[in-house]
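This report refers to the structure that appears directly beneath it.
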Amino acid sequence: MCDIYRWEATAVVRVGVIGGGQLARMMIPAAVNLGIDLRVLAESDGMAAGLAATAVGDYRDADTVLAFAADVDVVTFDHEHVPQDVLSRLVDAGVAVHPGPDALLYAQDKLLMRQKLSDLGLPVPVWARVETEEELQAFLDANGGRAVVKTPRGGYDGKGVRVVSAATEATDWFTVLAENGAGDALLVEELVDFRRELAQLSARRPSGDLMLWPVVESIQRDGVCAEILAPAPGSAGRIADVAAQIATDVATGLGVTGVFAVELFETTDDRLLVNELAMRPHNSGHWTQDGSTTSQFEQHLRAVLDLPLGATGCCEPHTVMVNILGGPSDGALSDRYAAAMGVHPTAKIHNYGKDPRPGRKVGHVNASGRDLDVVAYEARAAAAVFQD
Ligand code: ADP
């Protein structure tokens with residue numbers, strides 16, 4: 001048989017992504033470029049990644065997920081919410097799953113994450129597991145009277161995070177816990193006095209290789225990521241080294257595969273503490289699409305397929321990413337393309353194809369260049385065109 005037929009018989013690699021949000025959507029161009037067959041199990045019709053949706057169904061239903069996985073070479077994720085029993089069924093059926101359930105567990109449950117990171121000796125805020133208002137009040141009394149209470153599971157974009165100065169401010173969450181049955185608890189943490197928030201994005205192959213992008217600054221508004229400055233200003237040297245060491249220890253200690261993000265606090269007394277882990281491409285890495293040699297979406301595909309990882313250097317000294325939150329109240333993002341593109345030709349616009357809604361992440365803008373102020377202005381001004 002001539003070579004061309006052999007190629008046809010073996011070539012196409014299939015990656016299955018569970019979840020049809022914008023992260024799955026942004027894997028599509030990377031998959032197209034690499035000739036990878038990307039398949040998406042979407043929650044419903046009309047999702048952001050609908051272009052690649054080969055199935056629509058409930059990711060909490062093992063039979064649905066197993067049927068989807070039967071046709072792919074590796075399963076990965078757009079979010080971390082697939083239940084552990086469903087993930088176990090996949091692994092038992094011999095499906096390659098990256099990140100695997102044993103690692104993903106720590107991105108699913110903030111209490112388990114805090115315990116594991118503490119066991120590994122990684123720097124985290126002072127924290128405790130609290131099952132009752134009395135235990136929460138005791139933590140408050142011992143930690144300056146204010147603290148951050150978090151629901152261990154299911155939170156995102158600041159939902160499930162609350163600053164309290166009295167245990168009674170979390171009564172509603174304790175009531176829900178009591179209704180769900182014994183054994184559940186809330187996470188309480190010291191209110192960290194931080195100078196800024198950082199994020200260290202990295203990727204790890206199942207065979208072990210790890211690549212790290214430069215650490216970035218993450219500017220949050222109302223618990224939601226608003227902007228990313230890449231690299232984080234003034235981070236070269238010690239901050240970059242410590243962030244890289246933390247991410248390396250997280251990756252090896254937890255056995256993470258694929259792209260993952262470690263969210264960090266830079267404290268006013270110059271320490272880095274781990275806030276959160278995300279085991280998938282992350283909002284703090286959207287800048288890599290236009291600002292790094294390898295985008296996080298391509299890197300994620302390479303990593304989960306155990307292919308050699310791409311270079312993670314910056315194309316320009318600075319890239320700024322600005323989220324488009326909410327979008328126009330009177331139409332689609334594309335209605336404003338002409339206005340944005342005409343005035344900001346250097347801005348790279350990314351549209352998630354989602355209906356505008358207050359506070360919703362519907363797209364982002366990247367701008368890159370030599371001068372941080374100029375780049376930040378371009379990205380902010382272009383993003384502002386899409387918002388009322
Ligand atoms: P989510 O899972 O919803 O993203 P996070 O745990 O990342 O929740 O918290 C959201 C935001 O709340 C953080 O980005 C940070 O601004 C603030 N925050 C979280 N934990 C603390 C803390 N211990 N001290 C001070 N601020 C915190």
> Considering amide H positions built from the backbone, and no H for Pro or chain starts, which residues 5 or more places from THR257, or on another chain, come under 5 Å of its amide H?
Replying inline: GLY100
> So what is the relative contact order of the stretch 341-388, in percent, for Cα pairs below 8 Å that sit 6 or more residues apart?
Replying inline: 37
>> As an exercise, find the ratio Rg/Rh for the stretch 247-388 from alpha-carbon atoms, using the Kirkwood inverse-distance average for Rh.
In response: 1.01
> Quick one: Cα centre-to-centre distance for the stretch 140-215 and the stretch 51-79, in angstrom?
Replying inline: 29
> Does the stretch 147-214 come out rounded, prolate or oblate, given a ≥ b ≥ c as the square roots of the eigenvalues of its C-alpha gyration tensor, rounded meaning a/c under 1.5 and, failing that, prolate meaning a/b above b/c?
Replying inline: oblate
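Pop out the carbon and sulfur fraction of the accessible area of the chain as a percent, whole number, probe 1.4 Å. Can you show the working numbers first?
Values: 8460 of 16760 Å².
Heavy-atom surface of the chain belonging to carbon and sulfur, 1.4 Å probe: 50 percent.
Enter the mean projected area of the convex hull around the alpha-carbon atoms of the stretch 73-125, in nm², rounded to one decimal.
For the Cα atoms of the stretch 73-125, the hull's average projected area reads 4.3 nm².
On average over all directions, what projected area in square nanometres does the stretch 46-87 have, based on the convex hull of its Cα atoms?
Mean projected area of the Cα convex hull: 3.2 nm².
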> Whole-Å semi-axes of the stretch 74-185's equivalent ellipsoid, largest first, each the root of 5 times a Cα gyration tensor eigenvalue?
Replying inline: 31, 16, 12
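So which GluC sites (Glu not before Pro) in the stretch 95-151 pass both tests, a DSSP loop state and at most 15 other Cβ atoms within 10 Å of the Cβ? List each step's numbers first, then the result.
Values: sites: GLU131, GLU133, GLU134, GLU135; in loops: GLU131.
In loop regions of the stretch 95-151 (DSSP not H, G, I, E or B), the sparsely surrounded GluC sites (Glu not before Pro) are GLU131.
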> Can you pull out the trypsin sites (Lys or Arg not before Pro) in the stretch 283-388 that DSSP calls coil and that have at most 12 other Cβ atoms within 10 Å?
Replying inline: ARG370
> Taking Cα pairs under 8 Å and at least six residues apart, what relative contact order does the chain come out at, in percent?
Replying inline: 13
>> Can you pull out the trypsin sites (Lys or Arg not before Pro) in the stretch 8-65 whose DSSP state is coil and whose Cβ has at most 15 other Cβ atoms within 10 Å?
In response: ARG60
> Short version: what are the Cα gyration tensor semi-axes of the stretch 204-268, square root of 5 times each eigenvalue, largest first, in whole Å?
Replying inline: 23, 14, 11
> Taking Cα atoms of the stretch 312-373, Rg/Rh with Kirkwood Rh, to two decimals?
Replying inline: 1.02
>> Suppose the Debye formula is applied to equal point scatterers at every Cα of the stretch 101-258; what is log10 I(q)/I(0) at q = 0.12, 0.18 Å⁻¹?
In response: -0.61, -1.23
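Per the Kirkwood definition applied to all pairs of different Cα atoms, how many angstroms is the hydrodynamic radius of the stretch 1-121? Display every interim value, and only then the final one.
Details: mean 1/r = 0.0647 Å⁻¹.
The answer is 15.5 Å.
Could you work out the Rg to Rh ratio of the chain, with Rh taken as the Kirkwood radius (inverse of the mean 1/r over all Cα pairs)?
We get a ratio of 0.97 for the chain.
Please report, in debye to the nearest 20, how large the charge dipole of the chain is about its Cα centre when each Lys and Arg carries +1 at its beta carbon and each Asp and Glu carries -1 there.
On the way: 32 positive and 53 negative charges, 161 e Å.
Roughly 780 debye for the chain.
The values are calculated or read from the model by the stated rules, or taken from the named source; none is laboratory data. Fair warning: this is a prediction, and the values are worked out from it, not measured in the lab. As a convention, Cβ positions derive from the backbone with ideal geometry for all residues, glycine included, and neighbour counts pool all protein chains shown. Protein only, heavy atoms only, side chains kept; ligands, DNA and RNA dropped before computing areas. Shrake-Rupley method; radii C 1.70, N 1.55, O 1.52, S 1.80 Å.
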